[in-house]
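Enquirer: Quick one: structure below, then a few questions.
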Amino acid sequence: MIDVTTPGYRLQRSAPLRALNTFGIEATAPLLVEIDDAQALPALAAQGLLGDARAPTLVLGGGSNVLFAGDPAAPLLRLRGARIAVLGERDGQVRVRAEAGAGWHALVEWTLAQGLGGLENLALIPGTVGAAPIQNIGAYGVEVGERVAAVEVFDRLAGDFLRLDRADCAFAYRDSRFKRAPDREIVVAVEFLLSRHAPPDIAYAGVAEELAAMGVAAATPADVAAAVCRLRRRKLPDPARIGNAGSFFKNPLVPAAQAEALAAAHPGLPVFPAAADALRKLSAAWLIDACGWKGHRDGDAGVSAAHALVLVNHGAARGAELLGLARRIRDSVAARFGVALEPEPRIVGAAW
Ligand code: FAD
Ligand code: EPU
């Protein structure tokens, strides 16, 4: 293994990845490039350190939404710059800019400490600020795209920095322009539009009940964040204790008529509205649970006993084993319900 330390960035050949993904999967990157200042990107691109069109560098944040089903063929890039700053304020609307390497939950806590609301429902989601727009992270009734003013990227094909307004990002449920064209645009910073006065959103099932259990009557954004943290700690396995990447599948969007027919045939199936009137969102957890997978284990690859949507690594599972289990779950749900499950994490080193 060769370690080269250069001002502004570090290169590591044959870099071990186990500590860099929350599944805790063993994998090796041919090259790991870590940079402190995104301004170094054009120079790195010119040196060929961002890969080429055939094998572009894969950007890795906190590794909480990737499954290394094999070794990555391309170099990995990590952006470590983590500055957070207020850009401006008008009528209680505050623009905050955070660099890609900042921790997501650290940003949420920082905004709450400044008295700013808007990100509280997204408390405790693992990972980095730079990854948040990629799948438009969402939880407890809020998607990050609703709070994004702009995303700053380095476009590796153009070799230049771009500032994309929210409307350019094509945010949708667990989707964005970045997710559709992975590795083309490197997110270097995100600008958020937050509020000093807007009342928090507590409409999502369970949030008001949790606040009541906490004895909170008129909830502040910080109270909502605390309630969301309590709900999340109860429901989701902690990657520090058992390797996982949160929900392994997206909740499927199906035509309304199909959702109605399924709900009639399977009382109890949760059906939620979707952004498009003609579609409904089904609960992937319920479908998987109904097929008997919850708590299932093949060696060290398993399905969480706490939540049917979470695949877990009990210790030494290989990425390919988790991928094999995910495919069997997909096939059983398709056979029983006629619904196609799509993975949420990025699968590296194999096709879905
Ligand atoms: P990584 O896993 O490192 O990368 C994810 C993807 O983003 C990859 O395709 C990567 O190439 C790309 N990427 C990362 N950084 C950049 C960048 N700077 N520029 C361009 N591309 C980039 N997600 C939710 O939406 N809601 C939840 O409630 C939620 N709960 C979770 C709970 C647990 C316990 C876990 C383990 C995960 C959960 N997730 C959730 C998934 C995950 O936390 C998010 O997707 C998060 O945004 C991933 O951040 P990361 O930095 O770890 O990204
Ligand atoms: N359910 C089961 N069995 C289970 C777990 C859940 O049947 O083992 C059913 C229950 O009926 C429950 C429903 O599924 O009411 C929904 O479960 P939950 O409230 O846990 O939400 P989810 O749809 O499983 C989604 C996101 C989470 C996000 C939560 C809270 C997706 C794919 N997942 O989970 O995001 O935190 O809502 O908003 O949209 C992630 O993306 O990694 C993630 C954890």
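The values are calculated or read from the model by the stated rules, or taken from the named source; none is laboratory data. In this text, all values refer to a predicted model and were calculated from it rather than measured experimentally. Cβ atoms come from the backbone with ideal geometry, glycine included; neighbour counts cover every protein chain shown.
Enquirer: Give Ile25, Ile84 a once-over and let me know the one that is under 23 Å from Ala245 (Cβ atoms) and under 21 Å from the mean Cα position of the chain (by Cα).
Expert: That would be Ile25, the only listed residue that is under 23 Å from Ala245 (Cβ atoms) and under 21 Å from the mean Cα position of the chain (by Cα).
Enquirer: Return the only residue of Val142, Val151 being crowded, with 17+ Cβ neighbours inside 10 Å and touching a Cys at 6+ places or on another chain (Cβ under 8 Å).
Expert: Val151
Enquirer: Looking only at region 16-32, which residues are outside any loop (DSSP other than H, G, I, E, B) and either modelled with pLDDT under 95 or surrounded by fewer than 20 Cβ atoms within 10 Å (Cβ to Cβ) (or both)?
Expert: Matches in region 16-32: Pro16, Arg18, Ala19, Thr28, Pro30, Leu31.
Enquirer: For region 203-214, state whether one or more residues are modelled with pLDDT of 95 or more, under 30 Å from Arg95 (Cα atoms) and loosely packed, with under 12 Cβ neighbours inside 10 Å.
Expert: yes
Enquirer: Ok, one more. From Leu41, Leu67, Leu77, Leu87, grab the single residue that is touching a residue at least 40 places away in the same chain (Cβ under 8 Å), within 14 Å of ligand 2 (Cβ to nearest atom), touching a strand residue (DSSP E or B) at 6+ places or on another chain (Cβ under 8 Å) and not in a loop (DSSP other than H, G, I, E, B).
Expert: Unique residue meeting the criteria: Leu67.
Enquirer: Can you tell me how many residues within region 331-352 are within 23 Å of the chain's Cα centre (by Cα) and farther than 18 Å from Gln258 by Cα?
Expert: 10
Enquirer: Sticking with this structure for a sec: Name the single residue that is nearest to ligand 1 (Cβ to nearest atom) among those in region 47-68 being touching a helix residue (DSSP H, G or I) at 6+ places or on another chain (Cβ under 8 Å) and within 15 Å of Asp183 (Cβ to Cβ).
Expert: Leu60
Enquirer: Is it true that Pro126 is part of a loop (DSSP other than H, G, I, E, B), surrounded by fewer than 23 Cβ atoms within 10 Å (Cβ to Cβ) and touching a strand residue (DSSP E or B) at 6+ places or on another chain (Cβ under 8 Å)?
Expert: Yes; evaluated as a whole, the condition is true for this residue.
Enquirer: Provide a single number: the residues in region 304-334 that are crowded, with 17+ Cβ neighbours inside 10 Å and out of contact with any helix residue (DSSP H, G or I) (no Cβ under 8 Å at 6 or more places or on another chain).
Expert: Summing the residues that are crowded, with 17+ Cβ neighbours inside 10 Å and out of contact with any helix residue (DSSP H, G or I) (no Cβ under 8 Å at 6 or more places or on another chain) in region 304-334 gives 13.
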